[in-house]
Amino acid sequence: MPELPEVETVARGLQREIAGRRVVSVTLGKTDFMDNPVEIERRLPGAEIRAVERYGKFMLLRLRRAEPAEESALLVHLGMTGAMMRRAVSEPHAKHTHLVALLDDGRELRYVDPRRFGRMALLAGEALQEELRRFGADPLEVGLEEFAQRIRERRARIKALLLDQQLLRGVGNIYADESLWKAKIHPARIGAKLQQEELKRLYGALQEILKKAIALRGSSISDFLDAEGEPGEYQLHHKAYGREGKPCYRCKTPIKRIVVAGRSSYFCPNCQKKRGGASARRRKQVLGRGTSKRTTKVVSRGI
């Protein structure tokens, strides 16, 4: 399922291609993944596509209409197999094309989705704002202090917290695993128990990986294509995700897969210890003292 880098890639491509264009007409196919297909068919024609932006894992096609004047947007989630791209009118429609918007430059904006696990909704005014308030901070915009506070307030496992869209919007399974690997943090660690230095490492890792993935147009694991119909390249740089049994790039230990928060999680059992931070060091010290006393007793018994 497309995550922040993939959605950002598509949004940037569409921004270049269709921003400023006016929708002339709309033709819909199957509509079971649309919140309000009648509204889309009725209100999208005549609207100008003011901008195309990413919002978490969603795209927002910001619209401008003469009437009503309130802010409106077409909210689009690509689901597992969705693709949105502009095409020449002369190009045949692909199978499973469910929205065709004719633009005022003679081209078409098309949404194709074989499995229809995505979502589309035309929202305006307070309904739009209410929808956007459901989501947490953008991981590329949030500061370190707020990031750390959000993690520490929850006693859930760190992998679950990274996937929680009400906490951070846009991060999914791929980039959670990649960031935790880079920060050397076990995915099942409790977020509230992470040390400040660990949170700082995770924050830096998450930002660095997301930015690099955007630069490489995202990860194409199976179906993802950008706005030009091309696959991304970041999957060639994965260090943990999908690498079960393969050697860790740092220590050569085989990557393992476990289930955390109902999702497969890939990690290095050597680099990403389940117990870490100051508490682990204290346990090690206690264990060391205990071992020393036990050794003394064993020697004194003549064993």
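In region 191-210, the residues that are modelled with pLDDT of 95 or more reach residues that are among the basic types (Lys, Arg) and surrounded by fewer than 17 Cβ atoms within 10 Å (Cβ to Cβ) with C-beta atoms within less than 7 angstrom, at least six apart or across chains, in these pairs: GLY191/ARG152; GLY191/ARG154; ALA192/ARG152; ALA192/ARG154; ALA192/ARG155.
Conditions (1) surrounded by 12 or more Cβ atoms within 10 Å (Cβ to Cβ); (2) basic (Lys, Arg); (3) at pLDDT 80 or above, marked per residue:
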position	(1), (2), (3)
LYS212	yes, yes, yes
GLY218	yes, no, no
TYR234	yes, no, yes
GLY245	no, no, yes
GLN272	yes, no, yes
GLY277	yes, no, no
VAL286	no, no, no
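Which residue is nearest to the chain's Cα centre (by Cα), if the candidates are limited to region 258-275 and must be part of a strand (DSSP E or B) and within 14 Å of LYS182 (Cβ to Cβ)? Ranking the qualifying residues of region 258-275, first place goes to TYR266. Annotation: GLU48 fulfils all but one of (1) surrounded by 22 or more Cβ atoms within 10 Å (Cβ to Cβ); (2) farther than 13 Å from VAL10 by Cα; (3) not hydrophobic (A, V, I, L, M, F, W, C); the unmet one is (1). For region 20-55, the tally of residues that are small (Gly, Ala, Ser) and touching a helix residue (DSSP H, G or I) at 6+ places or on another chain (Cβ under 7 Å) stands at 1.
Residues in region 13-32 that are hydroxyl-bearing (Ser, Thr, Tyr) and either not assigned by TED's automatic domain parsing to the domain that holds HIS98 or not in a loop (DSSP other than H, G, I, E, B) (or both): SER25, THR27. Reported count of residues in region 61-92, each being within 29 Å of the chain's Cα centre (by Cα), closer than 26 Å to ARG115 by Cβ and surrounded by fewer than 18 Cβ atoms within 10 Å (Cβ to Cβ), is 2. Among the residues of region 77-129, those identified as acidic (Asp, Glu) and in contact (Cβ under 8 Å) with a residue 24 or more places away in the chain are ASP104, ASP105, ASP113.
Condition (residue is in contact with a Leu (Cβ under 8 Å, 6 or more places away or on another chain) and assigned to a strand (DSSP E or B)) applied to region 38-47: is it met by at least one residue? No - not one qualifying residue is present in region 38-47.
The values are calculated or read from the model by the stated rules, or taken from the named source; none is laboratory data. Predicted, not measured: the structure shown is a model, and the values here were computed from it. As a convention, Cβ positions derive from the backbone with ideal geometry for all residues, glycine included, and neighbour counts pool all protein chains shown.
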